[in-house]
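As structure tokens, the structure follows; a few thoughts come after it.
The values are calculated or read from the model by the stated rules, or taken from the named source; none is laboratory data. Small disclaimer: the values here were computed from a predicted structure and weren't measured. So basically every Cβ, Gly included, is an ideal-geometry build from the backbone, and we count neighbours across all protein chains shown.
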Amino acid sequence: MRFTRRKFMQATGAAAAASAFPSFAQAGPMRLGLMTVKTGPLASGGIDMERALVQYLKEAKNTIAGRKVELFVGDSGGVPAQSRTKTQELVERDRIQVMIGPLDTASALATDDYIRQAQLLTLSVAAAEDMTQRKPNPWFTRGTSTSSQCAMPLADYCAKTLKMKRMVVIADDIAYGHEMCAGFHRVFEDAGGKVVQRMFPPLTVPDYGTYLAQLKTNVDGIFLGFAGSNGFRYLRQMNEYGLLKKVTPVGGMTALDEAVLRNMGDEALGIVTSCWYSAEIENAINKRFVANFRVDNGYDPGFYAAATYTEAAVLDQTLQKIGGRIEDKQAFMKAVRSGTFDTCRGPVRFDQYGNVVGNIYIRKVERKDGRLVNRVIHTYPNVSQFWTYKPEEFLKNPVYSRDFPPYKNLES
Amino acid sequence: MRIANLTHGALFMLGAYLGVSVMRYVPNLWLAALAAGLAVAVFGALLERLVLRKLGGNVLGQVLVTLGVSFIIADACLLVWGGDPIPIQTPALLQRPVQIAGFVFPAYRLAVVAIAVVVALVLFLLMEKTRLGAMIRAGVDDPQMAGAVGIPVSRLFTTVFFLGAALAGAGGVIGGPIMSAYPGLDADMLPLALIVVILGGVGSLLGAFAGAFITGFVYTFGVALLPDLAYVILFLPMILVIAFRPRGLFGKFAA
Amino acid sequence: MKLRVFGTLALLAVLPLGVGEYYVNLASQVFIFAVFAASINLLLGYGGLPTLGHAAYLGVAAYLSALLQIKLGLSHWAIAPLALIGTTVMACGFGLIALRATGLGFLMLTLALSQVLWGTAYRWVSMTDGDNGLRGLARPAPFGINLDGAPAFYYFTLLVAVFAIWMMARFVSSPFGATLQGARDQPRRMSALGYHVWLIRWVAFVYSAFWGAVSGLLFVYYHKYIHPVSLSLANSAEGLLAVIAGGSGTLAGPIVGAAIVLLLKNWASAYIERWNMLLGFVFVFIVVFMPEGVVPGVKRLWKRYISRA
């Protein structure tokens, strides 16, 4: 039987309406909130987030560290102000004790001060870098990765293994895209390569024709820092313009996610990407996760599904360490930042800023059993948000952005 | 027809999604475009008959109801087709790049340009050279007189709406290989359509064509030369034209 | 009528005592949106000028307030007037452009102008931090009263909202307001009578933008965060829809419309997954049964019911 959100809402809806008054902490069920996006352009990732979390709870028979779980789901529609409002609703009306999410960076930033004020335990999916760097939020941990955490190892791979020397970077014109390209180009140039062109098309541009027309072809590769569907639209258009044969694309963590991959064709074969997850990771937890997910939903889990499944595992194992006492927030945060956890993405731990340290996988698209998958071809273990740079020096620099580190080798 | 119709973006998107589904059974883009166009046309005609008809000249009501319908369509599409973007396969024949005068163009985009020109011509001929077109124009200019002369104005209006919706729906499928079907497609397309119509002038086909051309050119070149001002450039032609000529380039009346 | 108004105010005054913090916060948001909608109504209902770019004033005022706080560290006593003046000056310029057309042309110009600002907010990263938005903002503390708590902020917002709507009501019922409505209904006759129609409309435009800016300040105080999406077409459209749904050309209309839209978005969405669709159906329903809007429609249906009974 599938646990659906509606079931929970029906059960708790009446209680929620009545509980406009503060309630006392109890050793009864724990209240978990999921802040996601279920309408609008980010909906597909958000829906996956919910599905994977529901699956985890089902597999765990809805019990974490000996306590029953009540799940409350909030939909922000991808609008940061609404995300904040919904988070407030989850905290003030539904009295959640811990939140998984939000999905997008802007929502995380919008809710930052509220998380501090409410001291809300947060296991985030969003990649907003500074929340675990220069303005660390003591209640915020992130089990996925920062924007650049996966891009930096890929740059290393491109320079040292793929022996690329000249590259182009392109990403959506949003903070996430800027941060990814910044990390990529810094490591690539430190390893001796040159980034000779960068492009940041607007997030909602209908057509990449202009950008493709400007693309330099005397390069070894192009790094795609797109999110959502843009990566695969760009690739298809690259193919139509005959550019796939001339310039080798490599992708960031969301460019060729499993969710997008299943709608692609042969033009995706052989493309190398990096991510903290792949449905093809060979460990027992992941095998079970992927098998069950595929049975329930008909497709492989990708970035967003794995995100909540991982966070749920972290939540579970942390709570077990502190005897299920989610009410003890300080103990929870201490336990999270001091343990190692076994998850579907491999073993992870958290650095002192609350960001995850774990494996980053280099994957290649191949056909298996008639469908496209991201096969793992190389693993970088123990990658932190700072790559090989020293944290203190890293943090002295401004946050990664469009203009930092400066692109010194651009050719016009 | 002087109806403030803000559902058009959603009709485009609906057509794209329907095309996706049709192509799962009949993998032919053109047939899918036809089928989707027809389905969306029927929907549009129903909308006109059942809802818009009652509103007469209530422009605000039209705005409200057409936006409301577009919300419903957008959410229904999300419900039925899910949140992931779904591509439409380019027809195999048109998948390769074409060399013209040393420049490379994807064959499919050239085909789309050709289709657009043909459709524009057909519409123009329809409106200007046929009796049907004359009746439609009469019905718009002066519904009472046209009715007095025996022109079935209300049936014609439904027909026009039918046609407009058909074009939107088919357009969604034809645009599919380039844009894919995804949630938010309606919100991306609607401002573009509005800009083009207003710039070109309400009530003029030539205006729509000219508006599309100008907007497309200025935007594409502008984005290449001044990427930071992408949004400004999109709206600039329209702002300039309307500020100095409120009826648009070829419009018959100030909107 | 006065009784109804005072009764409602009395109810609102005691609301925080009876319901939980979440609902108090929700009510604050309704007030903010109501001010926004009411400012749109000045143009739409009383001026006959439909605008799809009002979020620009909300957004610019919010950004100005945020930037003055972050970059210059001024106190709120200085920031609020500066932000309001800045936005209003901008509106003066926008009015010059937008009022070159009426009707659909005006609509598109307001849309275009606000889209330009929206795009700028995204791209001018050095000022606005683009897609990250500006965060870590503080609420004002007038006379030392801390507004961080929900009830305190609620009363603050209630006071400002009541004042704003009262000012707009006075504007509308003043002789100038009469000329505005005259210009809406019969511009040629007004012109013939010697009234400067364009100037009347321009003044109304700027005045309505000012109150839009006020709602922007309330918005940024409440959320303590501002992001370019607040300048988007969707935001302007929501405000416009709220006014049309509630009943343009009435004073209570935008307030009722704002409440409907906001409660559906924020409250119903917790219970109903397809709340977007529900919102769409609500709009269609309103247009079919109450095409003039909820407030006039309810009045009409009520009169009919009474006359039958």
Residue check: is A:Thr318 more than 16 Å from A:Thr144 (Cβ to Cβ), touching a helix residue (DSSP H, G or I) at 6+ places or on another chain (Cβ under 9 Å), surrounded by 18 or more Cβ atoms within 10 Å (Cβ to Cβ) and not hydrophobic (A, V, I, L, M, F, W, C)?
-> yes
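Looking only at the range A:43-69, count how many residues are touching a Leu at 6+ places or on another chain (Cβ under 7 Å), at pLDDT 90 or above and more than 14 Å from chain B (Cβ to nearest Cβ). Working first, answer last.
So the first thing to find is which residues in the range A:43-69 are touching a Leu at 6+ places or on another chain (Cβ under 7 Å), and the list is A:43, A:45-46, A:49-50, A:53, A:57, A:64-65, A:69.
From the residues that got through so far, the ones that are at pLDDT 90 or above too are A:49-50, A:53, A:57, A:69.
If we keep only those that are more than 14 Å from chain B (Cβ to nearest Cβ) as well, we get A:53, A:57, A:69.
Summing the residues that are touching a Leu at 6+ places or on another chain (Cβ under 7 Å), at pLDDT 90 or above and more than 14 Å from chain B (Cβ to nearest Cβ) in the range A:43-69 gives 3.
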Determine, yes or no, whether C:Gly239 is in contact with a His (Cβ under 8 Å, 6 or more places away or on another chain) and part of a helix (DSSP H, G or I).
-> yes
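Answer yes or no as to whether A:Phe223 is facing another protein chain (nearest Cβ under 8 Å), over 18 Å from A:Gly265 (Cβ atoms) and either touching a His at 6+ places or on another chain (Cβ under 9 Å) or of a type in the set (A, V, I, L, M) (or both). Break it down stepwise before answering.
Working: facing another protein chain (nearest Cβ under 8 Å): no; over 18 Å from A:Gly265 (Cβ atoms): yes; either touching a His at 6+ places or on another chain (Cβ under 9 Å) or of a type in the set (A, V, I, L, M) (or both): yes.
So A:Phe223 does not fit the description; no.
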Pair list, Cβ under 6 Å, 6 or more apart: the range B:60-84 residue more than 15 Å from A:Ile47 (Cβ to Cβ), other residue modelled with pLDDT under 85 and assigned to a loop (DSSP other than H, G, I, E, B) | B:Gly61/C:Pro291; B:Gln62/B:Ile3; B:Gln62/B:Ala4; B:Val63/B:Ala4; B:Val65/B:Val51; B:Thr66/B:Asn5; B:Thr66/B:Leu6; B:Leu67/B:Leu6
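Among the residues of the range A:174-203, which ones are in contact (Cβ under 8 Å) with a residue 40 or more places away in the chain and either within 14 Å of another protein chain (Cβ to nearest Cβ) or part of a loop (DSSP other than H, G, I, E, B) (or both)? Full working, then the answer.
Taking the range A:174-203 first, the residues in contact (Cβ under 8 Å) with a residue 40 or more places away in the chain are A:174-187, A:189, A:194-198, A:200.
Across the range A:174-203, the qualifying residues are A:Ile174, A:Ala175, A:Tyr176, A:Gly177, A:His178, A:Glu179, A:Met180, A:Cys181, A:Ala182, A:Gln197, A:Arg198, A:Phe200.
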Within the range C:272-296, can you find the residues that are in a helix (DSSP H, G or I), more than 9 Å from chain B (Cβ to nearest Cβ) and aliphatic (A, V, I, L, M)?
-> C:Val294, C:Val295
Conditions (1) away from every other protein chain (no Cβ under 14 Å); (2) in a helix (DSSP H, G or I); (3) surrounded by fewer than 21 Cβ atoms within 10 Å (Cβ to Cβ); (4) modelled with pLDDT under 85: number failed by B:Ile151 | (2)
With respect to the numbered conditions (1) of a type outside the set (Lys, Arg); (2) more than 16 Å from A:Cys150 (Cβ to Cβ); (3) touching a residue at least 24 places away in the same chain (Cβ under 8 Å); (4) not in a loop (DSSP other than H, G, I, E, B), which one is the sole condition not fulfilled by A:Tyr304?
-> (2)
Heads up, the helices (runs of 4 or more DSSP H) in the range C:95-210 (entirely inside) with at least 3 residues that are touching a helix residue (DSSP H, G or I) at 6+ places or on another chain (Cβ under 6 Å) and closer than 30 Å to A:Ala227 by Cα are C:103-123
Among C:Ser232, C:Ser269, C:Ser248, the single one that is within 12 Å of chain B (Cβ to nearest Cβ) and over 28 Å from C:Met108 (Cα atoms) is C:Ser269
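Which residues, counting only those in the range B:68-126, are of a type in the set (S, T, N, Q), away from chain C (no Cβ under 14 Å) and either under 24 Å from C:Met277 (Cα atoms) or buried (at least 17 other Cβ atoms within 10 Å of the Cβ) (or both)?
B:Thr90
Scan the range C:50-90 for residues that are in a helix (DSSP H, G or I) and β-branched (Val, Ile, Thr) and jot them down.
Result: C:Val60, C:Ile70, C:Ile79, C:Ile85, C:Thr87, C:Thr88, C:Val89.
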Is one or more of the residues making up the range B:10-32 within 13 Å of chain C (Cβ to nearest Cβ) and buried (at least 24 other Cβ atoms within 10 Å of the Cβ)?
-> yes
May I ask you to list the residues in the range A:259-278 that are modelled with pLDDT under 90 and either within 17 Å of the chain's Cα centre (by Cα) or not in a loop (DSSP other than H, G, I, E, B) (or both)?
-> A:Ala259, A:Val260, A:Leu261, A:Asp266, A:Glu267, A:Ala268
For residues in the range A:78-118 being assigned to a loop (DSSP other than H, G, I, E, B) and in contact with a strand residue (DSSP E or B) (Cβ under 7 Å, 6 or more places away or on another chain), which is farthest from C:Glu21 (Cα to Cα)?
-> A:Leu103
Do the conditions hold for C:Tyr22, that is, is it buried (at least 21 other Cβ atoms within 10 Å of the Cβ) and closer than 20 Å to C:Gly93 by Cβ?
-> no
Within the range B:197-230, the residues that are surrounded by fewer than 22 Cβ atoms within 10 Å (Cβ to Cβ), in a helix (DSSP H, G or I) and within 11 Å of chain C (Cβ to nearest Cβ) are B:Pro227, B:Asp228, B:Leu229, B:Ala230
Is one or more of the residues making up the range B:171-193 more than 17 Å from A:Asp207 (Cα to Cα), in a helix (DSSP H, G or I) and either away from chain A (no Cβ under 14 Å) or in contact with an Asp or Glu (Cβ under 8 Å, 6 or more places away or on another chain) (or both)?
-> no
In the range A:376-412, which residues are within 14 Å of chain C (Cβ to nearest Cβ) and closer than 26 Å to A:Tyr361 by Cα?
-> A:Val399, A:Tyr400, A:Ser401, A:Arg402, A:Phe404
Please go through the range A:139-173 and pick out each residue that is within 14 Å of chain C (Cβ to nearest Cβ) and more than 13 Å from A:Gly252 (Cα to Cα).
-> A:Phe140, A:Asp173
State whether the residues of the range A:357-368 include one that is aromatic (Phe, Trp, Tyr) and either within 24 Å of A:Pro136 (Cβ to Cβ) or more than 20 Å from the chain's Cα centre (by Cα) (or both).
-> no
Of the numbered conditions (1) of a type in the set (A, V, I, L, M, F, W, C); (2) touching a residue at least 24 places away in the same chain (Cβ under 8 Å); (3) out of contact with any strand residue (DSSP E or B) (no Cβ under 8 Å at 6 or more places or on another chain), A:Val373 satisfies every one except a single condition; which is it?
-> (3)
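Within the range C:161-182, is even one residue aromatic (Phe, Trp, Tyr), under 16 Å from C:Leu9 (Cα atoms) and surrounded by fewer than 16 Cβ atoms within 10 Å (Cβ to Cβ)? If you could, list the steps in order and put the result at the bottom.
So in the range C:161-182, the residues aromatic (Phe, Trp, Tyr) come out as C:163, C:166, C:171, C:176.
Now drop any that are not under 16 Å from C:Leu9 (Cα atoms), which leaves C:163, C:166.
Filter once more, keeping what is surrounded by fewer than 16 Cβ atoms within 10 Å (Cβ to Cβ): C:163, C:166.
There is at least one residue in the range C:161-182 that is aromatic (Phe, Trp, Tyr), under 16 Å from C:Leu9 (Cα atoms) and surrounded by fewer than 16 Cβ atoms within 10 Å (Cβ to Cβ).
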Would you mention how many residues in the range A:240-280 are crowded, with 22+ Cβ neighbours inside 10 Å and in contact (Cβ under 8 Å) with a residue 24 or more places away in the chain?
-> 23
Per-region count, the range A:121-159, residues without any contact (Cβ under 8 Å) to a residue 40 or more places away in the chain and farther than 23 Å from A:Ala306 by Cβ = 2
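Taking the range A:92-137 as the search range and keeping residues that are polar (S, T, N, Q), crowded, with 24+ Cβ neighbours inside 10 Å and within 11 Å of another protein chain (Cβ to nearest Cβ), which one is nearest to A:Met180 (Cα to Cα)?
Taking the range A:92-137 as the starting set, the residues that turn out to be polar (S, T, N, Q) are A:97, A:105, A:107, A:111, A:117, A:119, A:122, A:124, A:132-133, A:137.
Okay, now just the ones that are also crowded, with 24+ Cβ neighbours inside 10 Å, so A:105, A:107, A:111, A:122, A:124.
Filter once more, so that each one left must be within 11 Å of another protein chain (Cβ to nearest Cβ): A:105, A:107, A:111.
On the way: A:Thr105: 13, A:Ser107: 18, A:Thr111: 22 Å.
Taking the candidates together, the pick is A:Thr105.
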